[in-house]
Each structure stands twice: as C-alpha cells, then as structure tokens.
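Each remark here refers to the structure printed beneath this line.
Derivation of every value follows stated rules applied to the coordinates shown; laboratory data play no part. All of these numbers come straight from a predicted model, not from anything done at the bench. Glycine gets a Cβ as well: all are built from the backbone with ideal geometry, and neighbour counts include every protein chain shown.
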Amino acid sequence: KDYQGTRDNYVYAYFPAGEDGGSYCENGDYLLLGRVPKYDLLDRAAWAFFAGLDEAGKPIWNSDDHRTEPVFHYPLMTGENHVSYNPGIRRYIMGNYGFLDEAGNPRPYHAVGGWPASALRSQLTLFEAPEPWGPWSSFYQDDNWGTYGDYQPSFPTKWMSGDGKTMLMVSSGSFDDYNMTLQKVTLTLAER
C-alpha cells in the first residue's frame, strides 16, 4: 500500500517484445525494462530504460528507448509478465505464460492461420531473480497448465507469507469465461 517496502522511489515496468520489433501480450521473445520516479508516471521525459550493466555490474539507465537491452529472454514464449518482490526470500518473482500446440511447440495466439481451441494449451513457467533486471532463473514449469487460454500469472505481495515461502498466484482462466483463478504456491528453498 502506498508503495511501502519498495527498493527506491521508482516504478519499474516491463515491456514484452518480439524479434520482429512487435509487442505481443504472449509468445513474444523478450522483456525490456523501464523505470520512472513514482510521481512522474505520465511524464514520458522522466522515463529511463535498462541499457545493460557497467563494469561493476550496476545497471545503466538511458532515456533513449532505442538503446535498451533485454532483461529476460524466452524466445516465442515470453508473455505480458508481472513481477513482484518477495521480501521474505529477497527475490523478484515472475510468472510467465505462453501457448503450446499439440506437439509442445510455441503457438502464439496472434499467429497467422488461427488454430482450433482443442489444439491449444498454456505453459506456466516461474522465474526468480535477485534484481528487477535479473539474472532470471527458472524454478518451476508446467507444460499443461490449462487448456484454451490460461494466462497472466501474478503474485500480489499482500498475499505472501512473512517468510516468503507461501504465495497466492492470481491468473485469468480461459478465454471462455475469464475467471479469476487463485493457486497456492508453497516454496521449498535450497540451502545456501
């Protein structure tokens, strides 16, 4: 609430993109990252974009969106992803979805020629990272997450336990009825 517990005074936003230069809500290729001071969201001139890391491993921010560098790659499977910070485990959590055909190949909803609903299923992949710009590591994948369009997984911070090991994932279920779906996620952390 009121941007409490954030890392700094910026709002971070991810932008899905494809190698063809298009922006897709699913089955794209990568994510770009921008940030803006929290009180300047509507001021385009206040935005800066991730442009890689410097020699010390610190992020480079540039106002020129043509100089941005992807922070996440998942060719033909990158969705319109949501990222939440889990303070209990000090990690950023990202849910990614994409659509697969009967053979398990990426099948974008926006693909030319269409497809029958029976030939489509959703893939859910969960990623974690120490920073909003990564590096991202996969920790869960379900190639049969749902049929006919389950999408938009996110992890509201309000529904994370204090130790970060229990979260509720919110997603939209199927194109037929657009149900809000809640799934409990329990994490087992590796020893460090």
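Given 0.36 nm per residue, what is the gain on full extension from ASN62 to LEU41 after removing their alpha carbon distance, in nm?
In short, 5.9 nm is gained.
For the chain, just run the numbers: alpha carbon Rg, then divide by 2.2 N^0.38 Å, N being how many residues it has.
So the chain has a normalised radius of gyration of 1.06.
Report the extension gain between GLN141 and LEU168 in nm, rounded to one decimal, defined as 0.36 nm multiplied by the number of residues separating them, less their alpha carbon distance.
Gain in length upon complete extension: 8.1 nm.
Determine the sum of side-chain charges near TYR92: Lys and Arg each +1, Asp and Glu each -1, restricted to other residues whose C-beta is under 15 angstrom from that of TYR92.
Net charge around TYR92: +1.
What ranking do 80-88, 23-31 get when scored by the average of other Cβ atoms within 10 Å per residue, highest first?
23-31, 80-88
Report the number of Lys pairs in the chain whose alpha-carbons are under 23 Å apart, with separation of 8 or more residues or on distinct chains.
8
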